[in-house]
Amino acid sequence: MPINVAIIGTGNCAKSLVEGVAFYSKNKEDKTGLMNPHIGKYHPSDIYFVAGFDIDERKVGKKLHEALNAEPNKTVKIADVPEYDVIVQRGPTCDSVIPELREYFIHESDEPVADVAQVLKDSGAEIVINYLPTGSDKATYAYAEAALIAGCSFINCMPTPIAKHPEWQKKFDDAGLVLMGDDIKSQCGATIVNRVLLNLLKMRGIRITKSEQINYGGNCDHFNLHYRPEAKEASKESALNSVLNPDDAKPSARMVYTKNNYDHKQAKIKMEGEMFGHIPVSIDLTLEDEDSPNSGGVVNDAIRAAKLLVENRRPYLAKELCAFLFKAPPAQFPDTEALQKFREIIKSLE
Ligand SMILES: NC(=O)c1ccc[n+]([C@@H]2O[C@H](COP(=O)([O-])OP(=O)(O)OC[C@H]3O[C@@H](n4cnc5c(N)ncnc54)[C@H](O)[C@@H]3O)[C@@H](O)[C@H]2O)c1
């Protein structure tokens, strides 16, 4: 049984997700890089892309695989993608483009805006993935409304608070649909690495006196975050703060655009604390990764988990799964507890 997925924003993260699905569809025995080769009966090869929306003239009107390879997408290629017959539709712009993005990163299309709910219905989409630029709050809410009208679940991979909001959760619960978010927690990104190490320091009785994370990247997302960092930094800081005690120093997370890095990301993470006898201890590390593939595997799991929850008529359990998959979930748990909850819920539905 395929899982029919629609994508909002055919940028770098979408490219990695679709290429990753193509890779594991061709290499069904390869488990490397998958957190969960199967979720219920679902393997990544069960994911199928049936609709796509963008606003960039280099992507709108193109077939999905062509749009994903169009400028300014630059992330490393995982695999060739099969030719999808899906034509990327012109979505509503709302608040998703700041003037600076128009210079290179987004060339807004003149095509008329599609009826998003109708396109979703016609495509047979079950799950909508939101990959809009950070700061696109109005656009996110507009697409989420369209998803509800079309009877689709909604996975919010960016920081606009929606899964966190009980009113939005209720709307999706009442419709028997899943709402997951907010802001995908990359597979091995700065947030999870920083959280695990802070947690280690807390387990060992260290008082945190400094926790600083600086993220350097050169993709469109980082360019946008240079001008609109607030929601992303708040999302990262809340993820870090939730493992700390009130007497620890408040964590800080910053985003820096470095043009020639493209999708290659460097995160400089520094933690300082006091141990036995107030003696100082510090950890200083650099994480290097390709930003977009790092999110692909986690979204891949979220899609299959969402399908399983809807199929078993337990959409409301999505809230409990989010702590493992997202930076700013409806409720935060320590990562080991979040993983245990994720496994228990999935097992109970198999
Ligand atoms: N590891 C990661 O890369 C990671 C992790 C967590 C969260 N995220 C979040 O995921 C989101 C997507 O990241 P990305 O790197 O793919 O960004 P991107 O800029 O490469 O892609 C965004 C796409 O959305 C399109 N778009 C803009 N406005 C639109 C609208 N109104 N309707 C439809 N399409 C629109 C753009 O043209 C572009 O193709 C960002 O908000 C980012 O912060 C990424």
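The values are calculated or read from the model by the stated rules, or taken from the named source; none is laboratory data. Worth saying up front: this structure is predicted, and the values here are computed from it rather than measured. When we count neighbours, we look across all protein chains shown, and the Cβ atoms used for this are built from the backbone with ideal geometry, even at glycine. Only protein heavy atoms, including side chains, enter the accessible area calculation; ligands, DNA and RNA are left aside. Shrake-Rupley method; radii C 1.70, N 1.55, O 1.52, S 1.80 Å.
So if I check each of Ala249, Ala267, which one is aliphatic (A, V, I, L, M), at pLDDT 95 or above and under 23 Å from Tyr227 (Cβ atoms)?
The conditions single out Ala267.
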Tell me which residues, restricted to the range 242-276, are open to solvent by 60 Å² or more (accessible area, probe 1.4 Å) and part of a helix (DSSP H, G or I). Lys259, Asn260, Phe276
Please verify whether Glu145 is within 14 Å of the ligand (Cβ to nearest atom), among the charged types (D, E, K, R), surrounded by fewer than 22 Cβ atoms within 10 Å (Cβ to Cβ) and in a loop (DSSP other than H, G, I, E, B), treating the condition exactly as stated. no
Suppose the filter is assigned to a strand (DSSP E or B), away from the ligand (no atom under 11 Å from the Cβ), of a type in the set (A, V, I, L, M, F, W, C) and modelled with pLDDT of 95 or more; does Ala117 pass it? no
Quick one: would you say Asp110 is free of Cβ contacts under 8 Å to residues at least 24 places away in the same chain and not aromatic (Phe, Trp, Tyr)? no
Would you mention how many residues in the range 152-193 are of a type in the set (Phe, Trp, Tyr) and over 17 Å from the mean Cα position of the chain (by Cα)? 2
Please enumerate the residues belonging to the range 277-289 that are within 16 Å of the ligand (Cβ to nearest atom) and surrounded by fewer than 18 Cβ atoms within 10 Å (Cβ to Cβ). Glu288
When you scan the range 98-111, do you find a residue that is near the ligand (Cβ under 9 Å from one of its atoms), modelled with pLDDT of 95 or more, in contact with a Ser or Thr (Cβ under 8 Å, 6 or more places away or on another chain) and within 30 Å of Pro229 (Cα to Cα), even just one? yes
Would you check if there is a residue in the range 204-226 being assigned to a loop (DSSP other than H, G, I, E, B), touching a helix residue (DSSP H, G or I) at 6+ places or on another chain (Cβ under 8 Å) and open to solvent by less than 40 Å² (accessible area, probe 1.4 Å)? yes
I'd like the full set of residues that are open to solvent by 80 Å² or more (accessible area, probe 1.4 Å) and in a loop (DSSP other than H, G, I, E, B), limited to the range 75-112. Lys77, Asp80, Glu83, Asp85, Glu103, Tyr104, Asp110, Glu111, Pro112
Within the range 32-54, take every residue that is open to solvent by less than 10 Å² (accessible area, probe 1.4 Å) and closer than 29 Å to Val113 by Cα and give me the one that is nearest to the ligand (Cβ to nearest atom). Phe53
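One line per residue, one yes/no per condition, for (1) more than 30 Å from Ile279 (Cα to Cα); (2) charged (D, E, K, R):
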site	(1), (2)
Lys170	yes, yes
Ile184	yes, no
Ala239	no, no
Ser242	no, no
Arg254	no, yes
Just to be sure I understand, how many residues within the range 251-275 are without any contact (Cβ under 8 Å) to a residue 60 or more places away in the chain and closer than 18 Å to Leu201 by Cβ? 3
Residues that are away from the ligand (no atom under 15 Å from the Cβ), more than 22 Å from Tyr141 (Cβ to Cβ), open to solvent by less than 20 Å² (accessible area, probe 1.4 Å) and at pLDDT 95 or above: does the range 56-74 have at least one? no
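Can we say Glu233 is touching a residue at least 60 places away in the same chain (Cβ under 8 Å), in the same structural domain as Leu198 (by TED's automatic domain parsing) and either in a loop (DSSP other than H, G, I, E, B) or out of contact with any helix residue (DSSP H, G or I) (no Cβ under 8 Å at 6 or more places or on another chain) (or both)?
When the stated conditions are applied, Glu233 does not pass them.
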In the range 12-31, anything open to solvent by 10 Å² or more (accessible area, probe 1.4 Å), hydrophobic (A, V, I, L, M, F, W, C) and touching a helix residue (DSSP H, G or I) at 6+ places or on another chain (Cβ under 8 Å) is listed as Cys13
Ala22 vs. criteria near the ligand (Cβ under 9 Å from one of its atoms) and not in a strand (DSSP E or B): no
